[in-house]
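Worksheet for the structure shown next.
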Amino acid sequence: MKIKKTPFKLRPIVNSERRHVNNNRKPMLEIQNLHVNVEDKKILDGLNLTIKPGEVHAIMGPNGSGKSTLANVLAGRETYQVTHGKIQFGGQDLLEMSTELRSREGVFLAFQNPIEIPGVNNMVFLKAALNAKRSHQGLEELDAADFLKLIRQKIKTVKMDEGLLHRSVNEGFSGGEKKRNEILQMAILEPKLAILDETDSGLDVDALQIVSEGINSLRSPDRSIILVTHYQRILNYVVPDYVHILAKGKIIRSGDKALALEIEEKGYGLNDLSQSA
Amino acid sequence: MPEASLLKIGFKIINMETIETDLDSVLKQEYQHGFVTDVDESFLPPGLTEQTIRQISAIKKEPEFLLEWRLKAFERWLTLREPEWSTIHHPPINYQEISYYAAPKSLEDGPKSLDEVDPKLLETYEKLGIPIEEQKALSGIAVDAVFDSVSVATTFKAELEKVGVIFCSFSEAVQNHPDLVQKYLGTVVPQTDNFFATLNSAVFSDGAFVYIPKGVRCPMELSSYFRINATNTGQFERTLIIAEEGSYVSYLEGCTAPQRDENQLHAAVVELVAMEGAEIRYSTIQNWYPGDENGKGGIYNFVTKRGICKGDNAKISWTQVETGSAVTWKYPSVILKGDNSSGEFYSVALTNNYQQADTGTKMTHIGKNTHSTIISKGISAGHGQNAYRGLVKIAKNADNSRNFSQCDSLLMGNKSGAHTFPYIEVKNPTAQVEHEATTSKIGEDQLFLCQQRGISAEDAVSLIVNGFCKEIFKKLPMEFAVEARKLLSISLEGSVG
Amino acid sequence: MMTTPVEQYVSEFANVKANLPGPALPWLDIIRKQAIRSIDRNGFPHRRHEEWKYTDISSIADTFFQPVQGTAPTLLWKELNALGLDFTDSYPMIFLDGRYTPLFSDSLKPPDGISIESLQHVLTVNPESVKKHLTRFSETGSNVFTDLNTAFMNDGSFIYLSKNAKMTQPIQLVFVSTSQKEPVVSQPRNLVILAEGAKASVVQRFISLNQNSDYLTNVVTEIFLDQHAQLEHLVIQEENFSTSHINTIRVQQNKQSHFASQVFTFGGGLTRNNLDIELNAEEAECSLDGLFMANGDQHIDNHTRVDHKKPSCTSRELYKGVLDSNGRGVFNGKVYVHPDAQQTKAFQKNTNLLLSKNAEMDTKPQLEIYADDVSCSHGATVGQLDEKAVFYLRSRGLDETKARDLLIYSFVEEMIQKVRFEQLRDQLRNTLNVKLSATDERKEIN
């Protein structure tokens, strides 16, 4: 694999981007002393993290540091065993909630490797998901016509080809199309907390820009975002309020985006912040 | 979401978009069509003797040839034993405890129009979501509804008569077109074919008859409903469809049955004859009562369906969605006799709780350049057992014949079973036969994705299973596809722990 | 009244039982008697029997084949050499009509912890060493041919590898039939036991000394692999076209053991290969490979069954068939996944070339699955050589026969490549060439 360093290219934080953050608000997500095993192997080892509404947190770390584990635990994947710790989401005990309940309450995971479901039409899938959430909220389900209107409006934000809506979920999609499809789902489900698990991986610069614009358009004072990433690259486009470094199952450092730059220059101790060509 | 929309197994014109997005997941715990109307019925007492057959024939005022034919079948049947080679297990059937004829009393003279139909019957259809009047108005589909054994209503006859299509009950055909019946009856499924077909040949009560004259494209899809509604009454339909040279017909068959505890025997025979260049499409949704979650009750469904592509370039296509019955035993088959003829079999079979299905097809290639396609999707949940059993036979002179078979099984629940038994017999060195089969569990990660997007586990399963079956649903007429999806969701209830 | 062959076997058994090896062993006596009773009761199967649907064995059922008894006559070196066998880098055992002939006994001795003996010898001097396993994997009544072998069991091989013993050279069991014209049945019985961690390769070869003799080979092999044991097992059958050949192999596998089978069938008029594997403990693995080529009036039937009884086992199967002239091929492969066997992986494939108007192939791959967390697939194809490829080769100057042979060769070479021993690969290729040219000659004559 060819590895090359990217030159530092961070643009200054625009105040308007921070306008959502209001530090006086109650936390949306509070993770306390989280311990997680996968097949009896310890992956997260006492992780703490607090996120307030409107904040964007980037979680960086080398391979195997537990980034994806954190993302999956938040979404409620059963293969991950929480052995200790608490997660509060909007004042509720997240760990007590089923996967689908978390989703309906506003937790959204954009998958690192979006899963293919052969034969299941993308639109059918999106409509089912949206209406599950709407009926949970006591809203009327959208009929086909209204849903179509909504999806046509949202699809523009990710510049996705409408043809993909009529194909099976992620089946035969390119890497970029899959990631855009994830962001489209996020746009439609309008979560409170979006966890983007290496959404930047495998994207070329153009695709990264489109996906980032999609994410930025979804920033709002009521929506928090966790950006799980291996590379600093996406943070050039989606500027975080906080950056955390995860290593050996713990957050070892936190700071603002300057930390990401520092990591890019110095590395995690591994030659890890370079990006593949 | 009102229940009525699920109950309605209707033929509304539904646009494609609605189908694509129709994901209404109102799931009911009880069998949808589980109720019994009390209709005063006249029926023969249980038991099967030569006398029974003479009685049936006499009640139906049948010509001599048919009585003889029945008696010959009965004589043969007495020498046969129930087949044991399938994976199906069920308590022994006592054929002497079954009543072989039942007719709604008020209809003995035969209705001339819907006005004459017993209002209680119409009410039953209403409950089942088949408002005949509405169908006439909405769908333009001719309906030949079979209530138990006697045909009670036939519509759109006039329109069909204009182009010379005969679509009537089997009994009517016997009276009005005895020559056609005599010419074709038993030519595809001989009396001697198998235990259940022979039984049917002896005691069949009624069914449908279709004749499409040369060069005629049947102007509407033909539909027939089969229901069982009388305690301990076996139902033995017989359907015969003849498509003359260059004609086309699409026939839809759908079944639901009221809920009850006793097992009921259902042994139908369907014969299709396609002459040169003719095409017959036969679609079935089978939703007989499957028994309860403990395997109690349910219909025993032993069906013999076979078509023959008699002339060159003929085509027969079977599509079936089998979600009902405690036991399903059926192998809709095609004899590809004419050169360049083709046969298709598209099947979804779902078994949940203690349901058992042993289903598949036989494609017999006799003519040259004959083609067959088999796509079978089996879903096993609960304690359900699902077997695909198929035969592809390439005879010695069937040069350049082709077959492609794909059989996929989806397993849900560690008490379920999925079995694949393809038989391939090739006697011609220019033939190409390909069979592929896979068996796998429903994907954990797919379930997780759906749940992460807020879809409940049960809905997610239904969604994924519907995706798994999509290829088959595409082959169904549109309104049937909608119904099939709903049936699948309903049938899967309780399968997710 | 004429006596039936079954009755003849029963009376023959009464006549010879005192002379069979181990007459004083009560356990063996019981087994033999059960077996002959079972033959008497069940007789030979009819084609109505699902397991024999495509194979008519009336020619065997209607003939009484005299069971070969006693010890082997000496084989002349000249005759053996004429067979062109190559024992380089291998440990050979020669059997004449199923009876061991100690041809190399002076020069060969297996390494420590390994014993390779004649079964007759073991039954005479040390029967306790086989008591636990012999016939224990072959319950009576399940297969009349196995019962026939058990009743008249006379000789064969006993191969035992103790814990962690490794045999690097292949053990070559060569079964030579010396029969002239008289209908005899030779019934070698083999028992292969690999203790924990042991590793070996066993080759069974079947050869006819005379080209037109009409006899029956009815061989039974029982194999037990303990934990981590690894066995490669080859069968190469090149008997003449007027013989009948029934080869039954039953394998029991313990935890993490590995069994690799390769069955090559070139000879025999009527051949039936039964290969039954039981994966009895976690993470056992087996791979079954087969190649069969039928021409003339040959009929070759391969029956395999893999029983996944415990979780996390893997089976993989590939059988290839080439059917020419009036040749008939049958493949019947069953994968049975028992309710406990979660995380089973099973793959099965049968591909066939049908090359002549009078050839026939019947194939029946089957999956029977009673566990849900499995990944199983099977496939079967029947087709012919790619005519475009034939044309391409002809356009490059090959005549049609050569072109076709080349394509057939490339179809079967995949199976030969799987054989790990070079000397065996070479011999297989020779056999293949002889077989192809024989077919070609016949075509030219016709």
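Each reported figure results from applying straightforward, stated rules to the coordinates on display, with no laboratory input. Bear in mind the structure is a predicted one, so any value in this text is a computation, not a measurement. Positions of Cβ are generated from backbone atoms using ideal geometry, with glycine treated the same way; all protein chains shown enter the neighbour counts.
Proximity of backbone amide H atoms, modeled 1.01 Å from N, is registered between B:Ser405 and B:Ile374, B:Glu434, B:His435, B:Glu436 at under 5 Å, excluding neighbours fewer than 5 places apart on the same chain. In terms of the mean number of neighbouring beta-carbon atoms within 10 Å, the peptides A:224-233, B:432-441 order highest first as A:224-233, B:432-441. Only one residue of A:Ile188, B:Ile59, B:Asn313 has its Cα farthest out toward the positive end of the dipole of the protein assembly as shown, where Lys and Arg carry +1 and Asp and Glu -1 on Cβ, and that residue is A:Ile188.
Summed over qualifying helices (DSSP H, 4 residues or more, each -39500 (n - 2.57)) and divided by its residue number, the protein assembly as shown shows a 222 nm mean residue ellipticity of -7500 deg cm²/dmol. Amide H to amide H distances under 5 Å link B:Ser223 with B:Ala142, B:Asp144, B:Leu252, where only residues 5 or more positions off or on other chains count and H is placed in the peptide plane.
Coordinate range of the alpha-carbon atoms in the stretch C:357-419 per principal axis, descending: 55, 30, 20 Å. Within the stretch B:318-390, the percentage of alpha carbon pairs spaced more than 17 angstrom apart rounds to 44%.
The convex hull built on the alpha-carbon positions of the stretch B:427-493 has an orientation-averaged projected area of 7.1 nm². Averaged over the residues of peptide A:98-104, the number of Cβ atoms from other protein chains lying within 10 Å of each residue's Cβ is 6. Name the residue from C:Gly269, A:Met28, B:Leu488 whose Cα lies farthest towards the positive end of the charge dipole of the protein assembly as shown, charges +1 on Cβ of Lys and Arg and -1 on Cβ of Asp and Glu. Comparing the listed Cα positions along the dipole, A:Met28 ranks first. Sequence-distant contacts, meaning Cα pairs under 8 Å at least 6 residues apart, place the relative contact order of chain C at 9 percent. Based on alpha-carbon atoms, the Kirkwood radius and the radius of gyration of the stretch B:266-358 give Rg/Rh equal to 1.10. Using a Debye calculation, one point per C-alpha and no hydration shell, please list log10 I(q)/I(0) for chain A at q = 0.08, 0.09, 0.11 Å⁻¹ in order. Values, matching the q order: -0.32, -0.41, -0.62. For the residue pairs A:Lys133/A:Lys159; B:Lys368/C:Lys388; A:Lys42/A:Lys67; B:Lys315/B:Lys393, the alpha carbons lie more than 19 Å apart in A:Lys133/A:Lys159; B:Lys368/C:Lys388. Each residue of the stretch B:171-185 is assigned a 3J(HN,Hα), and the resulting list reads 4, 4, 4, 4, 6, 9, 9, x, 5, 5, 4, 5, 5, 10, 4 Hz, derived from the Karplus form 6.51 cos²θ - 1.76 cosθ + 1.60 (θ = phi - 60°), x at Gly and Pro.
Peptide B:462-469 shows a mean partner chain C-beta count of 5 within 10 Å per residue C-beta.
Diagonalising the gyration tensor over the Cα atoms of the stretch A:50-117 and scaling each eigenvalue by 5 before taking the square root yields semi-axes of 18, 16, 14 Å, largest first.
Looking at the protein assembly as shown alone, DSSP beta bridges between its own residues are antiparallel in about 20 percent of cases.
By other beta-carbon atoms within 10 Å, ranking C:Glu278, C:Glu239, B:Glu82, C:Glu128 with the fewest at the front produces C:Glu128, B:Glu82, C:Glu278, C:Glu239.
Here's the list of lysines a cross-link from A:Lys156 could span, going by alpha-carbon distance under 18 Å and ignoring same-chain residues fewer than 8 apart: A:Lys127, A:Lys178, A:Lys179. Seen from C:Lys310, the other residues with C-beta closer than 9 Å to its C-beta sum to a net charge of -1, counting Lys and Arg as +1 and Asp and Glu as -1. Within the protein assembly as shown, the proportion of Cα pairs with more than 52 Å between them is 39 percent. With semi-axes defined as the square roots of five times the eigenvalues of the C-alpha gyration tensor, the equivalent ellipsoid of chain C measures 32, 27, 23 Å, largest first.
In summary, the helical segments of chain C meeting the span-like criteria, namely a full DSSP H run, a Cα extent along the axis of 20 angstrom or more and a mean Kyte-Doolittle hydropathy of at least -1.0, are C:26-42, C:400-417.
Taken over the stretch B:390-448, the convex hull of the Cα atoms encloses 73 Å³ per residue. For the stretch C:5-445, the share of DSSP beta bridges that are antiparallel, to the nearest 5, is 5%. Remark: for residue pairs B:Lys61/B:Lys183; A:Lys41/B:Lys377; B:Lys470/C:Lys418, the C-alpha separation exceeds 29 Å in A:Lys41/B:Lys377; B:Lys470/C:Lys418. By the Cα gyration tensor, the stretch A:129-270 has an equivalent ellipsoid whose semi-axes, rounded to whole angstrom, run 31, 18, 12 from largest to smallest.
Listed by Cβ neighbour count within 10 Å, with the fewest neighbours leading, B:Glu271, A:Glu162 appear as A:Glu162, B:Glu271. Centre-to-centre, using Cα atoms only, the stretch C:169-183 and the stretch B:429-497 are separated by 55 Å. Amide H to amide H distances under 5 Å link C:Arg205 with C:Leu173, C:Val174, C:Phe175, C:Ile236, where only residues 5 or more positions off or on other chains count and H is placed in the peptide plane. Once you reduce the stretch B:56-86 and the stretch B:311-344 to the center of their Cα atoms, the two points are 24 Å from each other. Projecting label points 7 angstrom from Cα along Cα→Cβ for B:Ala457 and A:Glu78 puts them 0.5 nm apart. Counting lysine pairs in the stretch C:252-380 that sit 8 or more residues apart in sequence, or on different chains, and whose Cα atoms lie under 26 Å apart gives 24.
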